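> Quick one: this structure, given as structure tokens, is what I'll be asking you about.
The values are calculated or read from the model by the stated rules, or taken from the named source; none is laboratory data. Worth saying up front: this structure is predicted, and the values here are computed from it rather than measured. Here the Cβ positions follow ideal geometry from the backbone for every residue, glycine too, while neighbour counts run over all protein chains shown. What goes into the accessible areas is simple: the full protein's heavy atoms, side chains included, and nothing from ligands, DNA or RNA. Shrake-Rupley method; radii C 1.70, N 1.55, O 1.52, S 1.80 Å.
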Amino acid sequence: MRGQLTLVAAGYAVVLALASMLVVQRYLLYVRHPEDVAAAGGMYAAGDAMLGLFIACLLMVPTLFLVIILRKSENLYTSYAKVLVGVSLTAPLSLGVFSIPAVNQSNMLLGETCMYRLLCAPVVLVGMVISWALARFPRAKRLTSYAIGIEFLTVVVVVGLWLL
């Protein structure tokens, strides 16, 4: 199991390295072509959103392998489910922080982090549902259900606020 977890950790490292390269490349695009960014700001914002979703989807690949490995051990999978509950709690926290005008109307890193967390919530929700489907132990399944509930309700609130 240790060798498998090492491979999963290597997978996360590769994905994070690739994500870092893509973000740096995107930043350099902004620095080298500021006129284009100013002229077509909405297009660049859409590109940033797509990049964020792409990175979130890339992170799901090693997570799937992690879940497949951890599902053999009740203690490890229950610990993983507790982490999922913690991750799901970041969604309503991000929504609350992002609803502060001083955060969402500025270029602060905090506002961008909250925005991308909310943007990637559907991808995280799909990952949680897959984790729930692969859970074999009752306590882990219950904790994962709590995480799914928190994430789903946050997505519903975000969509509701967006529609209003």
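> Specify whether the C-alpha gyration tensor of segment 1-61 places it in the rounded, prolate or oblate class, a ≥ b ≥ c being the square roots of the eigenvalues: rounded for a/c under 1.5, otherwise prolate if a/b is larger than b/c and oblate if not.
Oblate is the answer for segment 1-61, as a/c is 1.5 or above yet b/c matches or exceeds a/b.
> In addition: Assign one of three labels to segment 91-157, namely rounded, prolate or oblate, based on the Cα gyration tensor with a ≥ b ≥ c the square roots of its eigenvalues; rounded applies when a/c is under 1.5, prolate when it is not and a/b is larger than b/c, and oblate otherwise.
Prolate, because a/c is 1.5 or more and a/b exceeds b/c.
> Which peptide among 1-8, 83-90 comes first, and what is the full order, when sorted by highest mean count of other Cβ atoms within 10 Å?
Going from most to least packed, we get 83-90, 1-8.
> When only C-alpha pairs under 8 Å and at least 6 residues apart count, what is the relative contact order of the chain, in percent?
27 percent
> Can you give me the pair-distance distribution of the chain, C-alpha pairs, 10 Å bins, whole percents?
10, 32, 33, 19, 6, 1
> Can you give me the span-like helices of the chain, meaning DSSP H runs with 18 Å or more of Cα extent along the axis and Kyte-Doolittle mean at or above 1.6?
Membrane-span-like by this rule: 41-70, 121-134.
> Please report the carbon-and-sulfur percent of the accessible area for the chain; probe 1.4 Å, protein heavy atoms only, DNA, RNA and ligands left out.
75 percent
> Could you please report the charge total around ILE130, scoring K, R as +1 and D, E as -1 over all other residues with beta-carbon less than 14 angstrom from its beta-carbon?
Once all neighbours under 14 Å are counted, the net charge is +2.
> Let's test the formula: R0 of 22 Å, r as the Cβ-Cβ distance of SER20 and LEU153. What FRET efficiency results, to the nearest 0.05?
Here the calculated transfer efficiency is 0.10.
> Which value, in Å², gives the accessible area per residue of the chain when a 1.4 Å probe is used on the protein heavy atoms?
Each residue of the chain exposes 61 Å² on average to a 1.4 Å probe.
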